[in-house]
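*Asks:* Questions regarding the structure given below will be posed in turn.
The values are calculated or read from the model by the stated rules, or taken from the named source; none is laboratory data. Everything numeric in this text was worked out from a predicted model, so none of it was measured. Note: ideal-geometry Cβ built from the backbone for every residue, glycine included; neighbour counts use all protein chains shown.
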Amino acid sequence: MAGFKLPDMETLRSRVKDIKLEMPHRKEKEKHDVSVPAGGIKCPSCENVFEKKELGKLKICPKCARYFRLNSRERIRLTVDEGSFEEFDSTLQAKNPLNFPEYEEKIAKMQEKTNLKDAVITGVCKIGGEKTVIGVMDSGFMMASMGSVVGEKLTRAFEYATKNKLPIIIFACSGGARMQEGIVSLMQMAKVSAAAAKHSQAGLLYITVLTDPTTGGVTASFAMLGDIIISEPKALIGFAGRRVIEGTIKQKLPDEFQTAEFQLEHGFVDLIVTREEMPIKLRDILRLHSGRKDGAE
Amino acid sequence: MAGAYDNVKIARKVSRPTALDYINHIFEGFVEMHGDRQFRDDKAIVGGVAWLVDRPVTVIGIQKGKSMEENIERNFGSPHPEGYRKALRLMKQAEKFGRPIINLINTSGAYCGVGAEERGQGEAIARNLLEMAELKVPSISVVIGEGGSGGALALAVTDRVWMLENSVYAILSPEGFASILWKDAGRAKEAADVMKLTANDLLEMGIIEKVIKEAKGGAQNDFGFTANLLKSKLVTELDILCDKPVDKLLEERYARFRKFGEFTE
C-alpha cells in the first residue's frame, strides 16, 4: 500500500453521480443523409437503405429485423380488437408547476407535431375478446417523460380497472421523469404506484410490456410492478442512463447491457415476446386469468 | 438575498449531522439490523428498532460517512438495490409487530453502477413505493440533508414527509437538471432557483407537511437544537398517527399522494 493515496473528496463525489431519471438516449438515427433517397429509410442497425413502406405495419427492418419505435396509436391498432378501444381523459393536458421557461411552448409544439395531448393514451378495450384497461406511452412526445398528465391518466386508468374489476396492460416506454415539472413529476411515481398497489390488493391482473426505451423514474415505479413483465426483443430497459454509469465506473459498457435479454437473464423480465406474437400472447395470458379458456361468450 | 443553491451547499456539507447522529440522539436502545436476506448488507442504509421515549419504533436512515474511509464504506450514502430491500424488510417487520416507522433521508441519489442495474435498482425502488403505500402502520420520513430523486422517494411514501430547514428534495441535482435542460451544468445555481427544492418551497407547494428549524448556517452549528426539536415533533405526531384506525390511515396516505399533479381537463 506504500504510496497509495485516497482520491480527494471531489474526485470521489464525482464518481457517485446523481441519478438521472431522464437520460440522454441512444437517438433513433432516422435523419436523412444524402445517400438515402426521398421516401427511403436507413436502418440504424444494419445500415441498409430501403423504402419506408417495406417496414410494414409492425415497423420491423426487412433486412435485420430491428424494431423501429411504434407510436401509441400504431401500437393500439396492432394490439386491440378492431373497434373496441374507448379512450379515457383525452383532453387532459399539462400546466406548468415550476413556471419553467418555455415549457408551455414546448408542450404546444409537441401537441402539434404528434397530435397527442401528452405522452400516454389510456382507455378500455378488448384483446381476443377479453376486456381490459390499457395504457400506451408514446416516445414521440418528449421521450414519453412522466409529468402530471402521464401520472394522472395512468392513476385514473388503474382506479377504473380496480373499480370495474378489470385487468390492466401498460405498454411502457420513457426517458424518465418530466424534468420541467420538477418534484411534481417525482411525486407521480408514488401516485401511480399507490394506485397499482390498490389494484393488486383487489386481486386483479397487471401486465407491463416494456418497449424501447424504458428507463429512469418509469422503470423505478409502475413499469417494474407488473404481475407479469413482458418485453419486446432488444428493448433498452434500465434505471440509470448508460452514460451516467460509464461516467461513474470510467469504463465502456458492453452492448447487451440493459437490454431486454439482459433483464431476462437477471430475472427482471418474465418473457420476451415479438411484435407479431404480442396480441395473441396477451390474449392467452388474459384468458388464463379470466378462466375463459375458449374466449369470451 | 440567499439563493436556493446555498441550501444545496449546506445540505451537502460533510459536517452536516448524519442519520446515525439523529438516531443516537433522539432514540434510546437502538438495535441495528443488517442485510436484505437476499444478497448482502448495504451500509449506505442503516436500520433497526429503538425507543422513542417509551414507544418502540423502527428507524431507518440513509447514512453518509464522516470521513473518506467511512464514505467509501457507506458508498457516500448512495444505496444499492439491496439497501432498499433491507429497508423494506425492516418496514415489513415493523408492520408485523405494529411499530411505527421513521425514515431519515440523506442521499444524492440511488447508486448508478453495473451491480445496481444487474440487481434491479429500478425494481427495488418501485417495490418500496408500492409496498409503503399499503403498510398498516404509521410512518414519518424526514429529509435531513439531500433528498435525491427516486433514491429518496423510495423511503418517503409515508404518512408525513418533513424536511430540516436547510435540506433539499428534488427530481435531480441542480447540476444534472441544468445539464439536461440547458446542456450546461455550470448553470446549477440558476437551476436550483427554478427547481423549488428548498424545504420552504416544498412546504408552500404542499409536497411536505413540516419544516424543522436549524441553527443559523446549518444544523451542525447547534445539533442539539435541531435534534431535540425533531424529537419533540416526532413524539407529538406519532401520538396523533397511532390513534388513527388503520383504514383511515391508509385512506389518508393514498389521498396524500393522489393529489399531486397539475393539469387541465
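*Asks:* Could you please let me know if A:T215 is touching a residue at least 12 places away in the same chain (Cβ under 8 Å) and surrounded by fewer than 23 Cβ atoms within 10 Å (Cβ to Cβ)? Lay out the reasoning, then the answer.
*Replies:* Details: touching a residue at least 12 places away in the same chain (Cβ under 8 Å): yes; surrounded by fewer than 23 Cβ atoms within 10 Å (Cβ to Cβ): no.
Taking the combined requirement at face value, the residue does not satisfy it.
*Asks:* If you check B:D36 against the conditions, is it away from every other protein chain (no Cβ under 13 Å), out of contact with any Asp or Glu (no Cβ under 7 Å at 6 or more places or on another chain) and more than 26 Å from B:A227 (Cα to Cα)?
*Replies:* Numbers: away from every other protein chain (no Cβ under 13 Å): yes; out of contact with any Asp or Glu (no Cβ under 7 Å at 6 or more places or on another chain): no; more than 26 Å from B:A227 (Cα to Cα): yes.
Here the answer is no, as B:D36 does not meet what is asked.
*Asks:* Can you say whether B:V14 is within 22 Å of B:K96 (Cα to Cα), without any contact (Cβ under 8 Å) to a residue 60 or more places away in the chain and under 18 Å from the mean Cα position of the chain (by Cα), as far as the supplied structure shows?
*Replies:* Working: within 22 Å of B:K96 (Cα to Cα): no; without any contact (Cβ under 8 Å) to a residue 60 or more places away in the chain: yes; under 18 Å from the mean Cα position of the chain (by Cα): yes.
Considered against the rule, which asks whether it is within 22 Å of B:K96 (Cα to Cα), without any contact (Cβ under 8 Å) to a residue 60 or more places away in the chain and under 18 Å from the mean Cα position of the chain (by Cα), B:V14 comes out as no.
*Asks:* Of the conditions (1) out of contact with any Gly (no Cβ under 6 Å at 6 or more places or on another chain); (2) within 14 Å of A:D138 (Cβ to Cβ), A:P62 clears all except one; give me its number.
*Replies:* (2)
*Asks:* A further question on this structure: If we only count helices (runs of 4 or more DSSP H) wholly inside the stretch B:168-265, which ones have 2 or more residues that are away from chain A (no Cβ under 13 Å) and surrounded by 15 or more Cβ atoms within 10 Å (Cβ to Cβ)? Write out each step before concluding.
*Replies:* On the way: elements: B:174-182, B:188-195, B:199-204, B:223-242, B:246-258.
Output list reads B:223-242.
*Asks:* Do we have any residue at all in the stretch B:31-43 that's among the aliphatic types (A, V, I, L, M), on the phi < 0 side of the Ramachandran plot and surrounded by 21 or more Cβ atoms within 10 Å (Cβ to Cβ)?
*Replies:* Let us first name the residues in the stretch B:31-43 that are among the aliphatic types (A, V, I, L, M), namely B:31, B:33.
From the residues that got through so far, the ones that are on the phi < 0 side of the Ramachandran plot too are B:31, B:33.
Of the ones still in play, those that are also surrounded by 21 or more Cβ atoms within 10 Å (Cβ to Cβ) are none.
No, that holds for no residue.
*Asks:* Across the stretch A:199-221, what is the number of residues that are in a helix (DSSP H, G or I), more than 7 Å from chain B (Cβ to nearest Cβ) and in contact with a helix residue (DSSP H, G or I) (Cβ under 7 Å, 6 or more places away or on another chain)? Quick ask: steps written out before the conclusion?
*Replies:* Step one: filter the stretch A:199-221 for residues in a helix (DSSP H, G or I), giving A:199-201, A:216-219.
Then drop every residue that is not more than 7 Å from chain B (Cβ to nearest Cβ), which leaves A:199-200, A:216, A:218.
With the extra rule that they be in contact with a helix residue (DSSP H, G or I) (Cβ under 7 Å, 6 or more places away or on another chain), the set shrinks to A:199.
Result for the stretch A:199-221: 1.
*Asks:* Only one of these conditions is not met by B:A154: (1) in contact with a Phe, Trp or Tyr (Cβ under 6 Å, 6 or more places away or on another chain); (2) over 25 Å from B:K96 (Cβ atoms); (3) facing chain A (nearest Cβ under 10 Å). Which number is it?
*Replies:* With respect to (1) in contact with a Phe, Trp or Tyr (Cβ under 6 Å, 6 or more places away or on another chain); (2) over 25 Å from B:K96 (Cβ atoms); (3) facing chain A (nearest Cβ under 10 Å), B:A154 is out only on (2).
*Asks:* Could you identify the single residue in B:E123, B:E146, B:E95, B:E118 that is under 20 Å from B:G35 (Cβ atoms) and either more than 7 Å from chain A (Cβ to nearest Cβ) or of a type in the set (S, T, Y) (or both)?
*Replies:* Details: B:E123 fails: either more than 7 Å from chain A (Cβ to nearest Cβ) or of a type in the set (S, T, Y) (or both); B:E146 fails: under 20 Å from B:G35 (Cβ atoms); B:E118 fails: either more than 7 Å from chain A (Cβ to nearest Cβ) or of a type in the set (S, T, Y) (or both).
Answer to the selection: B:E95.
*Asks:* For the stretch A:98-198, please list each of the strands (runs of 3 or more DSSP E) lying entirely inside it that holds at least 3 residues being surrounded by 24 or more Cβ atoms within 10 Å (Cβ to Cβ) and within 14 Å of another protein chain (Cβ to nearest Cβ). Give the steps one after another, and end with the answer.
*Replies:* On the way: elements: A:120-127, A:130-137, A:168-174.
Of the strands (runs of 3 or more DSSP E) lying wholly inside the stretch A:98-198, those with at least 3 residues that are surrounded by 24 or more Cβ atoms within 10 Å (Cβ to Cβ) and within 14 Å of another protein chain (Cβ to nearest Cβ) span A:168-174.
*Asks:* Now for a different question. So the check is Cβ under 7 Å with 6+ separation or different chains; which pairs have a first residue in the stretch B:194-209 that's at negative phi and a second one that's buried (at least 21 other Cβ atoms within 10 Å of the Cβ) and of a type in the set (S, T, Y)?
*Replies:* Short answer, once both residue conditions are applied: B:L197/B:Y169; B:A199/B:S167; B:L202/B:Y169.
*Asks:* Can you say whether A:P62 is part of a loop (DSSP other than H, G, I, E, B), of a type outside the set (K, R) and within 11 Å of chain B (Cβ to nearest Cβ), as far as the supplied structure shows? Break it down into steps so the answer makes sense when it comes.
*Replies:* Details: part of a loop (DSSP other than H, G, I, E, B): yes; of a type outside the set (K, R): yes; within 11 Å of chain B (Cβ to nearest Cβ): no.
Criteria not met by A:P62.
*Asks:* Shifting gears a bit: Only one of A:R275, A:R287, A:R283 is in a loop (DSSP other than H, G, I, E, B) and either among the basic types (K, R) or surrounded by 16 or more Cβ atoms within 10 Å (Cβ to Cβ) (or both). Can you tell me which? I'd like the intermediate steps shown before the answer.
*Replies:* Values: A:R287 fails: in a loop (DSSP other than H, G, I, E, B); A:R283 fails: in a loop (DSSP other than H, G, I, E, B).
It is A:R275.
*Asks:* If you don't mind, there's one more thing I want to ask. Looking at the stretch A:83-97, which of the residues that are assigned to a loop (DSSP other than H, G, I, E, B) and in contact with a Cys (Cβ under 9 Å, 6 or more places away or on another chain) is nearest to the other protein chains (Cβ to nearest Cβ)?
*Replies:* Taking the stretch A:83-97 as the starting set, the residues that turn out to be assigned to a loop (DSSP other than H, G, I, E, B) are A:83-85, A:89-92, A:95-97.
From what is left, the residues that are in contact with a Cys (Cβ under 9 Å, 6 or more places away or on another chain) are A:84-85.
Working: A:S84: 25, A:F85: 21 Å.
By that ranking, first place goes to A:F85.
*Asks:* Restricting attention to the stretch A:234-256, does a residue exist that is crowded, with 17+ Cβ neighbours inside 10 Å, at pLDDT below 95, part of a helix (DSSP H, G or I) and among the aliphatic types (A, V, I, L, M)?
*Replies:* yes
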